[in-house]
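Engineer: Dropping the structure in here first, questions after.
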Amino acid sequence: MGTNPVTWLGTPAFPVAARAALGDTQLRRNLRKATHTIRDKRAKAVEELPDWQQLRLAGEAVKDEVLSNLDTYLERFEAAVTARGGVVHWARDAAEANEIVLRLTRAAGAEEVVKVKSMATAEIGLNEALEAGGVRAVETDLAELIVQLGHDRPSHILVPAIHRNRSEIREIFQREMAEAPASDEPRALAEAARRHLRAKFLSARVAVSGANFGVADTGSVVVVESEGNGRMCLTLPEVLITVMGIEKLVPSWRDLEVFLQLLPRSSTAERMNPYTSVWTGVTPGDGPQQFHLILLDNGRTDALADRAGRQALRCIRCSACLNVCPVYERTGGQAYGSVYPGPIGAILTPQLVNDMHDKQAASLPYASSLCGACFEVCPVRINIPEVLVHLRAKAVQAKGKRTPEAMAMAALGWVLADPKRYEAAQKAGSLARYLARGGRISALPWPGSKWTAARDVPAPPAESFRSWWRRTRG
Amino acid sequence: MPGAPRVGLFATCLTDTFFPATARAVVRLLERLGCTVEFPMEQTCCGQMHYNTGYRDAARPLAADYARTFAGYDAVVAPSGSCGGMIREVHPELHGSAPAFTHTYELSEFLVDVLGVTDVGAYFPHRVTYHPTCHSLRMLGVGDKPLELLRAVRGIDLVALPEAESCCGFGGTFAVKNADTSTAMLGDKMRCVLDTGAEVLSAGDNSCLMHIGGGLSRLRTGVTTLHLAEILASTEEEPWAPTR
Amino acid sequence: MADARSTVLGRIRSALADRPAPVTIPRDYHASRPLGDLLALAAERIADYRAEVHAVTADALTSTIAARLAARGARRVIGPVDLPPAWQVPGVDWLLDSPTLSIGELDGSDGVLTGSAVTIAETGTIVLDAGFAQGRRALTLLPDYHLCVVLASQVVGTVPEALARLDPLRPLTFISGPSATSDIELDRVEGVHGPRTLEVVLVTDA
Ligand code: SF4
């Protein structure tokens, strides 16, 4: 197996990539504005539902049920889709999925496909693979279009162009579109996208989509969207190819009543998103008359094998965890070097890559202060901090016992394991107060220098609490 | 709890070593409220830094030590939300359940939930703002308890901290492994603190205070950081004085 | 080499070698809840997403349809095959989907008139299921103006109540307001690829 395209080749480890992003004033401002806007709105949308916590627990349980019997549900789903005239394909990895899409597109005689925004196809690098095979992929979601026209990379799972503000978007459109908008009003920009894509929708023969949910019992597929580009792709072309991660199932139709409440309020902070489409196989006389569904593994079974890590597969890609994350808010998504950035990316990407010797992927679980804001908002209650720590342990294991950090940690552990050694170290350390000026230390040698670059350290007191206790109470 | 509860003080290694005044304040406060406080000398550290950095095996014996050291107390009080969270939420996973883990309280929880007091008779005539700290807020769920305690303090001028629930960027080894991002978070936190015009920034956790305080000190802002315990221990007879 | 299907299923089975404990799904969230006057709530919530709502009684339905189409200046209007004749008000060039209308005809029209299957009051969502007076999905997608009739008997309170009424084997479209995007600075603006104007006639006694 080659490298998994879920991470971008050549991206440095998170701390280095973050440093560059932090210096980008425009990026910082755009992200702060967008994330703060959506945070307040999400909180309000969630407050409206008195049973929100019950819904989260149900969402968690439904997804756990699917994951614990994934083989059964996938077979059931496959049978239902097939019975209704769909064709089901299985893909072990990105290359295999891409190859299937390309083959189906060629068979339909198309040189261009229209695409609904989909994380699965972004993860497998489908657009690049199609291009290499002589097929053009046209992104139709506004934010994806902005990224595509800007020859840029996505930085958010819901709004991939979140790092761009309105005037930057106008500049991109002016460079790349025949009829570019004069104004940078969001309404005018949306109108420009409408004009730009209209002809493509009306003439497309093949569409490629992802799926938000698949219903195992009925074989129904659900796509949740806002702009109507999804409806265009799911309705007008003759051939529809849907790429769906194997974890996207729910057992039965009824279970969607949970997710159609959790998802819109968590993602765009709406009571309901403008459009949700549900279709089952092929409906004669209505919509595409050829339907192909590709079930994608690409590392998911590796994540499934990890007891502590598998909860990441509950994710419904709402992006709430990104929007509340203090790290994401400042570095943006591209610093994570993957189509899955932010807290969910920090636990999902390394699991899909499944190689802790990959320095970039192994740096992601450390891209968090463990503040817990992500867990608090996650509609399917993924304990992201817990998985982060679990993956850190895996990263440490992969690095072995001889790194300076491992040796320092071992030495410290040895000291802390014995109160006498601990007290002796405390006394020795307290001598550092002679380094202090005015009660503070402003420069320490490496690795302490990473702290003192921006922060003072309090001078250790002459007497620890322990010594005081012994002197006064002992 | 009938009679004077026998309380074990888990000072935490950071407070024991760098902020002894906080631990002394906890003793003074709890004794003033009628508790019998003991500091078992066998205690060292809860293992949080090891655990959170990925060195789980090094944290395991520390959890065992903790369970043994604090086995016989009615309650254990820790002046730290993050250590409290580590003990209550993670120690059972490392060591198996133990009474010492379930009986461990962060200071404000102990005061409000166990002792049932919000007015601890404190006096603190300064302008104060309060940072709730992530682990107290989201791991332990202490909610508004620290603020209830502060509101009852005489003489205090308590001002709300904007964006209070945002992380300060400490995150243990995160502060050095991702020093740039950590500093960016710290910068915003300091801006919010300075916007309040407070002279004292308080919190229930010296690790976050060391981080924010390290920044405030570097920039010579003149804002003092002070653990909640030290404000609550201060009285008219024995008011807080800035000494270390 | 084994085929992809058996490889993936095999990987799943070995990944689940620990056979996680069976899960019981807690269903104590609210299947329904007291929401007061459902019609008023539906009208308010649909309007919240910038769709115009006209609440009328059954005897005023035809005149309201005529008035809305006239106000819009809609002359060439699409309808499903089974659009009730009474709704096909005079003064309008009706294009019914039989024989099947071309994409060009749909795109070149002034609007579309349909009924609907279920409406969710709490979220302001109208669901089409290709059933009575709705037609295939493309009809309500290409015209820039959608005039949609909702009957009081079709209005439910919550999402669970709606799903219980719907058949997932039919093609379903859930519509909450006109097409919109939050892709620019995470702020919602209306009007992208779907109909940019959605108007709803809510028949309060049918
Ligand atoms: S991890 Fe949770 S909050 Fe984050 S995108 Fe997935 S479902 Fe949403």
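Engineer: Taking 25 Å as R0, compute the FRET efficiency from the Cβ-Cβ separation of A:Val87 and C:Ser102 and round it to 0.05. Walk me through the intermediate numbers first.
Structural biologist: Details: r = 27 Å, r/R0 = 1.09.
Approximately 0.35, to the nearest 0.05.
Engineer: Now, a different point. Determine the order of C:Thr62, C:Thr173 by accessible area, beginning with the largest, at a probe radius of 1.4 Å.
Structural biologist: On the way: C:Thr62 60, C:Thr173 5 Å².
Greatest to least solvent exposure: C:Thr62, C:Thr173.
Engineer: Quick one: Karplus J couplings for segment C:120-126, per residue in order, coefficients 6.51, -1.76, 1.60, θ = phi - 60°, nearest Hz, x for Gly and Pro?
Structural biologist: 9, 4, 4, 9, x, 10, 9
Engineer: What do you get for the angle between helix C:61-72 and the principal long axis of chain C? Use alpha-carbon atoms, 0 to 90 degrees, nearest ten.
Structural biologist: Once rounded, the angle reads 90 degrees.
Engineer: Report, to the nearest 10°, how far helix A:256-267 tilts away from the longest principal axis of the Cα atoms in chain A, using its own Cα long axis and a range of 0 to 90°.
Structural biologist: 60
Engineer: Find out how many positive minus negative residues lie around B:Gly85, taking Lys and Arg as positive, Asp and Glu as negative, among other residues whose Cβ is under 13 Å from that of B:Gly85.
Structural biologist: Values: positive: B:Arg88, B:Arg138; negative: A:Glu386, B:Glu89, B:Glu93, B:Glu106, B:Glu109, B:Asp205.
Net charge around B:Gly85: -4.
Engineer: May I ask you to order B:155-161, A:95-101, C:189-195 by the average number of other C-beta atoms within 10 Å around their residues, highest value first?
Structural biologist: C:189-195, A:95-101, B:155-161
Engineer: Still on this structure, please answer the following. As a test, work out the antiparallel percent of DSSP beta bridges whose residues both lie in chain B, rounded to the nearest 5. Provide the component values of the computation, followed by the final result.
Structural biologist: Details: 1 of 21 bridges.
Expressed as a percentage, antiparallel bridges in chain B total about 5.
Engineer: How many Cβ atoms of partner chains, on average, are near each residue of A:367-379 if near means within 10 Å of its Cβ?
Structural biologist: On the way: counts 4, 6, 16, 13, 15, 7, 6, 1, 2, 4, 0, 0, 0.
That works out to 6 on average.
Engineer: Counting other Cβ atoms within 10 Å, which GluC sites (Glu not before Pro) in segment B:39-138 have at most 14 and lie in a DSSP loop? Numbers along the way, then the final one.
Structural biologist: Values: sites: B:Glu42, B:Glu89, B:Glu93, B:Glu106, B:Glu109; in loops: B:Glu42.
Of the GluC sites (Glu not before Pro), the ones in loops of segment B:39-138 whose Cβ has at most 14 other Cβ atoms within 10 Å are B:Glu42.
Engineer: Oh, and also: Report the FRET efficiency, 1/(1 + (r/R0)^6), for A:Arg473 and B:Ala152, where r is their Cβ-Cβ distance and R0 is 22 Å, rounded to 0.05. Write down the numbers at each step before the final one.
Structural biologist: Numbers: r = 29 Å, r/R0 = 1.30.
Approximately 0.15, to the nearest 0.05.
Engineer: How large is the accessible surface of B:Glu163 in square angstrom, using a 1.4 angstrom probe and rounding to the nearest 10?
Structural biologist: The accessible area comes out at roughly 60 Å².
Engineer: Put a dot 7 Å past each Cα toward the Cβ at C:Asp28 and C:Asp93; how far apart are the dots in nm?
Structural biologist: Label-label distance for C:Asp93 and C:Asp28, simple model: 6.2 nm.
Engineer: From the residues A:Leu412, A:Val396, B:Phe170, which one has its Cα farthest along the dipole of the protein assembly as shown in the positive direction, the dipole being from +1 and -1 charges on Cβ of Lys/Arg and Asp/Glu about the Cα centre?
Structural biologist: Looking along the dipole axis, the top candidate is A:Leu412.
Engineer: Can you give the % of DSSP beta bridges in chain C that are antiparallel, to the nearest 5? Display every interim value, and only then the final one.
Structural biologist: Working: 8 of 31 bridges.
Bridges in chain C that DSSP calls antiparallel: roughly 25 percent.
Engineer: With a 1.4 Å probe and all protein chains kept in place, how much accessible area does B:Thr133 have, in Å² rounded to the nearest 10?
Structural biologist: Spelled out: B:Thr133, probe radius 1.4 Å, area about 0 Å².
Engineer: How much FRET efficiency would the formula 1/(1 + (r/R0)^6) give for C:Ala86 and C:Arg19, where r is the Cβ-Cβ distance and R0 is 60 Å, rounded to 0.05? Each step should come with its number before you reach the end.
Structural biologist: Working: r = 60 Å, r/R0 = 1.00.
E(calc), rounded to 0.05, equals 0.50.
Engineer: Moving on to the next point. Residue by residue through A:255-268, how many Cβ atoms from other chains fall within 10 Å of the Cβ on average?
Structural biologist: On the way: counts 2, 5, 10, 6, 1, 8, 7, 1, 0, 5, 1, 0, 1, 6.
Per-residue shielding by partner chains comes out at 4.
Engineer: While we're here: Provide the net charge surrounding A:Ser338, with neighbours chosen by a C-beta distance below 14 Å and charges set as Lys +1, Arg +1, Asp -1, Glu -1. Write down the numbers at each step before the final one.
Structural biologist: Working: positive: A:Arg153, A:Arg317, A:Lys359; negative: A:Glu123, A:Asp355, A:Asp358.
In short, 0.
Engineer: Looking at chain A, send over the antiparallel percent of its DSSP beta bridges, to the nearest 5.
Structural biologist: Working: 14 of 39 bridges.
Among the beta bridges of chain A, antiparallel pairing accounts for roughly 35 percent.
Engineer: Hand me the trypsin sites (Lys or Arg not before Pro) from segment A:296-367 located in a DSSP loop with no more than 12 other Cβ atoms within 10 Å, in residue order please. Kindly include the intermediate steps, with their values, before the conclusion.
Structural biologist: Working: sites: A:Arg300, A:Arg307, A:Arg310, A:Arg314, A:Arg317, A:Arg330, A:Lys359; in loops: A:Arg307, A:Arg317.
Hits after loop and neighbour filter: A:Arg307.
Engineer: Solvent-accessible area per residue for segment B:127-233 at a 1.4 Å probe radius, Å²? Write out the running numbers ahead of the final one.
Structural biologist: Numbers: 3210 Å² over 107 residues.
Ligands and nucleic acids excluded, the result is 30 Å² per residue.
Engineer: Please average, across the residues of A:413-426, the number of beta carbons from any other chain that are within 10 Å of each residue's own beta carbon, and give a whole number. Don't skip to the end; give the middle numbers.
Structural biologist: On the way: counts 11, 1, 3, 12, 8, 3, 7, 2, 1, 7, 4, 0, 1, 5.
The per-residue average across the peptide is 5.
Engineer: Of all the accessible heavy-atom surface of the protein assembly as shown, with the other protein chains kept in place and a 1.4 Å probe, what percent is carbon and sulfur?
Structural biologist: Numbers: 17300 of 32530 Å².
The computed percentage sits at 53.
Engineer: For every other residue with a beta carbon closer than 15 angstrom to the beta carbon of C:Thr125, add +1 if it is Lys or Arg and -1 if Asp or Glu, then tell me the sum.
Structural biologist: Working: positive: A:Arg231, A:Arg265, A:Arg271, C:Arg45, C:Arg50, C:Arg165; negative: A:Glu48, A:Glu225, A:Glu257, A:Glu270, C:Glu44, C:Asp48, C:Glu122, C:Asp129, C:Glu161.
Local charge sum for C:Thr125: -3.
Engineer: Here is a follow-up. Please give the peptides C:149-158, A:191-200 ranked by average Cβ packing (other Cβ atoms within 10 Å per residue), highest first, as a rough proxy for protection.
Structural biologist: Values: C:149-158: 19.9, A:191-200: 18.4.
Going by the mean number of other Cβ atoms within 10 Å, highest first, we get C:149-158, A:191-200.
Engineer: Measure nothing fancy, just the Cα-based angle from helix A:186-203's long axis to the longest principal axis of chain A, in degrees from 0 to 90, nearest 10.
Structural biologist: The answer is roughly 40 degrees.
The values are calculated or read from the model by the stated rules, or taken from the named source; none is laboratory data. Here the structure is a predicted model, which is why all the values come from computation and not from measurement. Methodologically, a virtual Cβ is constructed for each residue, glycine included, from the backbone with ideal geometry; neighbour enumeration extends over all protein chains shown. What goes into the accessible areas is simple: the full protein's heavy atoms, side chains included, and nothing from ligands, DNA or RNA. Shrake-Rupley method; radii C 1.70, N 1.55, O 1.52, S 1.80 Å.
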